[in-house]
Amino acid sequence: MGGLFINQSLLQSCNTFTRELPQFAARVTRKVVETAESRHSLGKNEAARHKVRELGRIIVGQSTRQDRLKGSRQVVSRLTGALVRMILVMMLVVMPSVLLVGVTTDTKQMVSLVALFLGLLTFVEYNATYPSLVEFRDAPPFNRMRYLMLFATIFFLSMIARGAAIPSSLTQFADAIGSLIGNAMDFPYSPVRLATLMIANDATADQIAALRTAAGMSYLISLISLSIFLILLKAGRWPRHDQPFNVWINLPTFDPSAGGDVVARLTRDARINIALGFLLPFLTPAVVKIGSAGLEPLVLTSPQTLIWTMTAWAFLPASLFMRGIAMGRVADMIRETRAAHRLAEDGKRFAAA
């Protein structure tokens, strides 16, 4: 009986051992699998984090590279624009010397020196980040309109003067238009009648007629240019709404922090420029007459002197008109911006209340 009891006990212990061993092995295997899965998940997470970090580095590198390329393109574009404008200004200055006949070598050299100086000045102003003299540099087409007006005036006056020596269809057409406008506007106290006072008292009838023709042509071009600018202004194409307007860059000679309200000062300067633009055609002949009191009549009525004098006589008033209108438009823009900000603040206060 004792042996049987021992055998039964051994059998029972063996059976118990055989039943518990698979459960223990399963638990161990399950833990190993769970540990492997957790390590695999950690590996996946770490790999994902690594990929995110690499992607961030790539995006940052691409954005930095794009910023550098954009900055380089802006520098190249500004440099190219400055070079083109320098060439255009130099062409404008030397145009009368090239188109006229019988210009001396000394005159050409002097004109070339002036053209080089003005071209370098234009290049420096347009290549600099912040201009110091040129107004409305980043507000096209203000300066483009003024340049085209100046170019057309000098070109047609040069062609009229060239027609006296080498007539052609273009010179005859320009002379006919200038004579028509000059005779139509030659009435007492008109700008054209006052412009004829700039010539010497002993000038011939042909010299007076040439001055009247030049005055009529230049005055017509200035009126057309001013009308085109007003149309662009009323059409809402100046200044452009898709580009920010920086008062400091576009008005470098205007100091906003000099004292007083900016809108009031801009409005006052606009009115002064418009008034000067209206009075200058009447004041210029008197100033030229006083300044040329000691000059010879032939010097005063020479082709180049006539071209540049009549160009300044017509261009400066129109330019002052355009500047005054532009400054008034800037004042209106600032006033509208202030009103919009005021309405936004009132809306925020009303919503908070």
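In this label model, A339 and Y147 are separated by 3.5 nm, measuring between points 7 Å along each Cα→Cβ vector. F173 contributes about 120 Å² of solvent-accessible surface, heavy atoms of the protein only, 1.4 Å probe. Placing a label point 7 Å from the Cα of I228 along the Cα-to-Cβ direction, the residues of the stretch 142-162 whose backbone N falls under 15 Å from that point are 142-156.
Remark: spin-label model distance L79-K108 equals 3.3 nm, labels positioned 7 Å along the Cα→Cβ axis.
Measuring r between the beta carbons of L121 and A165 and using R0 = 30 Å, the FRET efficiency lands at 0.40. Distance between the modelled labels on S257 and L276, one decimal in nanometres: 2.5 nm (7 Å Cα→Cβ projection).
Computing FRET efficiency as 1/(1 + (r/R0)^6) for S72 and W248, where r is the C-beta to C-beta distance and R0 is 41 Å, gives about 0.95.
Solvent exposure of the stretch 297-353, expressed per residue, is 56 Å² of accessible area, with all protein chains present and a 1.4 angstrom probe.
The values are calculated or read from the model by the stated rules, or taken from the named source; none is laboratory data. This is a predicted model, so every value here is computed, not measured. Glycine also receives a Cβ, built like all others from the backbone with ideal geometry; neighbour counts cover every protein chain displayed. The accessibility values were calculated without ligands, DNA or RNA, using every heavy atom of the protein model including side chains. Shrake-Rupley method; radii C 1.70, N 1.55, O 1.52, S 1.80 Å.
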